[in-house]
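The values are calculated or read from the model by the stated rules, or taken from the named source; none is laboratory data. Every value quoted in this text rests on a predicted model; they were computed, and no experiment measured them. Note that each Cβ is placed from the backbone with ideal geometry, even for glycine, and that neighbours are counted across all protein chains shown.
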Amino acid sequence: MRTLRHNSPGFKTSLNSLKRSAEAHPQVRKTVQDVLEAIRMEGDSALLEFTERFGGPRLTAKQLRVTGKPKVDAETKEAVATAHANVLAFARKSLRENWTMKNAQGGLVGERFDPFKRVGIYVPGGTAPLVSTAVMTVTLAAAAGVPEIVVTTPSDTEGKVNEALHFALEHCGATEIYRVGGAQAIGVLAHGTETIKPVQKIFGPGNAYVVEAKRQVFGHVAIDLLPGPSEILVLADASAEAAWIAADLLAQAEHGKGSSILFVTNSSKLLKDVEKKIEQQLQTLSRQEHLAGVLENGCTLILVKSLQDGIEIANDFAPEHIAIIAKDEDKIAARIHTAGAIFLGGYSPVAAGDFLAGPSHTLPTGGAGKAFPGLTVDMFQRRTSLVNFDAKSLKKSLQTIAKFSEIEGLDAHGRSAAIRFE
C-alpha cells in the first residue's frame, strides 16, 4: 500500500501519477487486430482455433451454443430472482418513452424509441463466474424489449459454463448463449460466422483484450462503453468506521489485476486505522493472490488537508465507484460529477450495488466517467426523430427554409419546399 500525505514533499506530483490511461498496450492492440481480422475472414474455423489457443476447450461449431437446463439450488434461484426484480424495476423506471409536440410553425415533431432487434452481451468468466453481470446487463436488454439477446461467456477447459451463471442468463432473458470468450467473442458478435449471426450493438465488461476489441469494432457495430478493471474511491471523515472502509476496499481489490482502490480522508487517525484493518482482514480472505497484487500496485491511502481537497481529487480521478462516509455526505455527493456511481453512508457498501441495488454495475473506468455514464436501459433503445408537417405549417416555414438555402448555397433545398405551393 502507498500512503500520500498533503504535507509531504511531492504530494501533487504523486497525485498526478494516479491518473490512468485507457490506451491499450501496443501488443494488445496488435493481437486483437489479428484476431478480429481472422474472425471476419475465416468465421467458425478461426473462432474455434482461438478459443482453444487462448486456454479454452476444443470445440466443434455445433458445441458453441450452450443448451440444456442448468441445475442450481433454491437459494441461488432466490438470490438471482431478488436481484433481477430490483434491476428490472429500476430499468423500467428509466425507459425512454415516445413523445411529440408542435413546433412554432405548427409542424409535428417528436422522438420514437425502439429496442434494438439483436444485441450481444459479453459476460466475463475468468477467475470468477460473474453471475451478477448477467443480471446487470441481460435484464436491461429484456426490459427494453430486445427480441434477440445473444450472450457470449468463456467456459472452462472442458467446455462447461457455470450452472449459476447459465441459470441467471436464462432467468433474465438471454435468447442465445455461446461458450466463447476473449477478443474472439467480440469479433463474432460484430462480424458473425456461419454459426452465430452478428448483432447491432455490443454490451458488457471484460479484460484488456475484450475492451480493446470493442474499441476496434466500433463502427461495424455500436458499443455501450469501455469498462475495464474495477475501481473504488472511499472519501471519509473521522466519523467513519475504519473496519467497514477496509472491507469495502478489499471487496473491490479481490477483482484482481488492474484494479484501483483509493482511500481519501482528512483524519490522520482514521487513515492509520484503515491501514491496520486492511492488514488484519486480508489474512481472513480467500483470493490472496489477487488481493496481494492490487494492494502492492493499486492501493493508495491519501491524507488531505480538507474534504474539499478530497472532492477535487475524486472528481479528477473519476472513479468507477465512490463511497462517501461523512457527516455532510449529501452535500459532498452533490459536488461529485465524474463518478460512475455514488454510494452514500456507512450502510451502502459497493457490494450492494454490485449485486442487487437496482442500477447496473457496468460502469465507466479508467477516467472515462468524466464523459461517459454507466450502462442504462435506454442504451438498448434506438432513437428516431419524427417530423410531420401539414400544408399550413410548411407554408409558415417557407421563408426560413428559403433563407437557409440561400445562405448555404443549396437552392435545391429551398425548391423542394417551395414547389409544393407552385
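Some notes on this structure:
- Every residue from the stretch 197-223 that is in a loop (DSSP other than H, G, I, E, B) and over 19 Å from Ala368 (Cα atoms): Lys197, Pro198, Val199, Gln200, Gly219, His220
- Residue match in the stretch 94-104 (condition: of a type in the set (Ser, Thr, Tyr), free of Cβ contacts under 8 Å to residues at least 24 places away in the same chain and not assigned by TED's automatic domain parsing to the domain that holds Lys257): no
- A single entry from Gly353, Gly409, Gly358, Gly366 fulfils the requirement of being at positive phi, surrounded by 17 or more Cβ atoms within 10 Å (Cβ to Cβ) and modelled with pLDDT of 95 or more: Gly358.
- Here the helices (runs of 4 or more DSSP H) wholly within the stretch 1-64 that include at least 2 residues being modelled with pLDDT of 95 or more and touching a helix residue (DSSP H, G or I) at 6+ places or on another chain (Cβ under 7 Å) are 26-42, 44-53.
- Residue in the stretch 322-329 that is more than 21 Å from Gly206 (Cα to Cα) and either of a type in the set (Asp, Glu) or assigned to a helix (DSSP H, G or I) (or both) present: yes
- Output for the stretch 227-240, where each listed residue is in a loop (DSSP other than H, G, I, E, B) and either assigned by TED's automatic domain parsing to the domain that holds Gln33 or crowded, with 21+ Cβ neighbours inside 10 Å (or both): Pro227, Gly228, Pro229, Ser230, Ala240
- Residue in the stretch 129-143 that is in the same structural domain as Thr195 (by TED's automatic domain parsing) and surrounded by fewer than 17 Cβ atoms within 10 Å (Cβ to Cβ) present: no
- The listed residue being touching a helix residue (DSSP H, G or I) at 6+ places or on another chain (Cβ under 9 Å) and touching a residue at least 40 places away in the same chain (Cβ under 8 Å), out of Pro129, Pro70: Pro70
- Unique match (being more than 17 Å from the chain's Cα centre (by Cα) and in the same structural domain as Pro70 (by TED's automatic domain parsing)) among Gly204, Gly192: Gly192
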